[in-house]
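Peer 1: Have a look at the structure that comes next, please.
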């Protein structure tokens, strides 16, 4: 084989690897957001109560957030491609179960299964990218990862609205889940060909005590964050947070002892000694505090405050997607030129976009056109695009390949906890301003109050960036 043909084969495999694993990212991320569009129709079709419908969303988020670190470590131990394909196969089956659900209880169970499957799949993607690419190619791969996540999140509502509007094969809301099946099967067929197997070197072993403690600790954090606001923060939520603190402390002690004995801790304490990893992980948490909460309060504002249906709201979300696509496709170039400051520029760009949105909300009042929102949305999306890929690279670039799965699980967990914290805090502020008798003007005021908090989140991200080392390259 000639040098040229070898290089072409390597390039083809590299592209196939990226496309295969990012397709897994796309459908799992899409499913997290698309369900919001499917809920009203599903509730009516299945005669579901409010609590059941809430758990259609919460069940996925809870299982996903709690299982990510363990999922990442399983990939380190038993093979990242193996765990990726297993997670994808289970996710595809769970999507089928969601699509054929005969009642609300069955749908909730299937959504929990989707969350567990996604927790097994998602951290493998970051680990596969970290071990499969180096140098500029790794930066481009992380940029593509950020682009994929953003497109799935931003366009999820539009895709869901279109699927329900078109009513493909008469599936209605079920199409939002059944569409995953052909995509999942094709991706499963591609994985053995394009995705190389990798795992941690040596003979690492399971850490059952660490897995149990981190699962319980995350459950004690995520469950009250998901349920607390709706229930008025009862006593059990405070007790759960207190228990989580103790469980995290016990987990840290157990992992330190395992590492001191030269064992195989679930999370090696040594990875937290790298300032880029630690500060980057905190920046990831802060960034996603703003994203989940923004999507929630914006959807409530345009649908209930401005009277748009799900498809109309999805169309207005395209403005964020346009800004996101412009910057995220070139994020690795910006990062190469600006270094750590690309995250600060992204945070401040989002702040500028949110300020424009606040001005636009005041300008349109109750009866004006929502198109005044477009410039602010585009600028906000552009800021997002400068953060998602580079922040992933910042956290993972200098992590040793044998810790890639656990580190990827930590990064994804920070995303989920950030989302839950942001929704809880800003949700309280939003609904507090909205009051008991919501009106179009009330939704505008509540959205504006939420924007003030989100501006603070973006500013915090820009400041936090300054604590990163000047160079975070591999």
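Peer 1: Against the definition (under 26 Å from the mean Cα position of the chain (by Cα) and touching a residue at least 40 places away in the same chain (Cβ under 8 Å)), how does residue 230 come out, yes or no?
Peer 2: Yes.
Peer 1: Which one of these is outside the structural domain of residue 343 (by TED's automatic domain parsing), assigned to a helix (DSSP H, G or I), touching a helix residue (DSSP H, G or I) at 6+ places or on another chain (Cβ under 9 Å) and modelled with pLDDT under 85: 106, 91, 155?
Peer 2: The conditions single out 155.
Peer 1: Could you go through segment 218-232 and let me know if any residue there is within 25 Å of residue 402 (Cβ to Cβ), at pLDDT below 90, buried (at least 19 other Cβ atoms within 10 Å of the Cβ) and not assigned by TED's automatic domain parsing to the domain that holds residue 411.
Peer 2: Yes - at least one qualifying residue is present in segment 218-232.
This table checks each residue for (1) buried (at least 24 other Cβ atoms within 10 Å of the Cβ); (2) touching a strand residue (DSSP E or B) at 6+ places or on another chain (Cβ under 6 Å); (3) closer than 27 Å to residue 78 by Cα.
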| residue | (1), (2), (3) |
| --- | --- |
| 363 | no, no, no |
| 388 | yes, no, no |
| 406 | yes, no, yes |
| 427 | no, no, no |
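Peer 1: Okay, next question. Do you know which of the residues in segment 254-272 that are under 26 Å from the mean Cα position of the chain (by Cα) and surrounded by 13 or more Cβ atoms within 10 Å (Cβ to Cβ) is farthest from residue 78 (Cα to Cα)?
Peer 2: Ranking the qualifying residues of segment 254-272, first place goes to 272.
Peer 1: Among the listed residues 79, 49, 65, which satisfies the condition of being over 19 Å from residue 174 (Cβ atoms) and surrounded by 20 or more Cβ atoms within 10 Å (Cβ to Cβ)?
Peer 2: Selected residue: 65, the only one of 79, 49, 65 that is over 19 Å from residue 174 (Cβ atoms) and surrounded by 20 or more Cβ atoms within 10 Å (Cβ to Cβ).
Peer 1: Next question. Starting from segment 25-53, keep only residues that are touching a residue at least 12 places away in the same chain (Cβ under 8 Å), then list their pairs with residues that are surrounded by fewer than 19 Cβ atoms within 10 Å (Cβ to Cβ) and not in a helix (DSSP H, G or I) whose Cβ atoms are within a distance under 7 Å, requiring at least 6 positions of separation or different chains.
Peer 2: So the pair list comes out as 46/103.
Peer 1: Scan segment 88-103 for residues that are within 14 Å of residue 60 (Cβ to Cβ) and touching a residue at least 40 places away in the same chain (Cβ under 8 Å) and jot them down.
Peer 2: 91, 95, 98, 101
Peer 1: Name every residue in segment 380-416 that is assigned to a loop (DSSP other than H, G, I, E, B) and within 20 Å of residue 339 (Cα to Cα), in order of residue number.
Peer 2: Result: 386, 387, 397, 398, 399.
Peer 1: Please enumerate the residues belonging to segment 132-158 that are farther than 16 Å from residue 329 by Cα and either surrounded by fewer than 20 Cβ atoms within 10 Å (Cβ to Cβ) or touching a strand residue (DSSP E or B) at 6+ places or on another chain (Cβ under 8 Å) (or both).
Peer 2: Matches in segment 132-158: 133, 134, 135.
Peer 1: Right, something else. For segment 433-457, enumerate the residues that are over 27 Å from residue 344 (Cβ atoms) and free of Cβ contacts under 8 Å to residues at least 12 places away in the same chain.
Peer 2: 435, 436, 437, 439
Peer 1: Now a separate question. Could you tell me which of the residues 377, 355, 348, 343 is surrounded by 24 or more Cβ atoms within 10 Å (Cβ to Cβ), more than 18 Å from the chain's Cα centre (by Cα) and assigned to a helix (DSSP H, G or I)?
Peer 2: 377
The values are calculated or read from the model by the stated rules, or taken from the named source; none is laboratory data. Remember, predicted model here, so these are calculated numbers, not experimental data. Because the Cβ atoms are built from the backbone with ideal geometry, glycine has one as well, and the counts that use them run over all protein chains shown.
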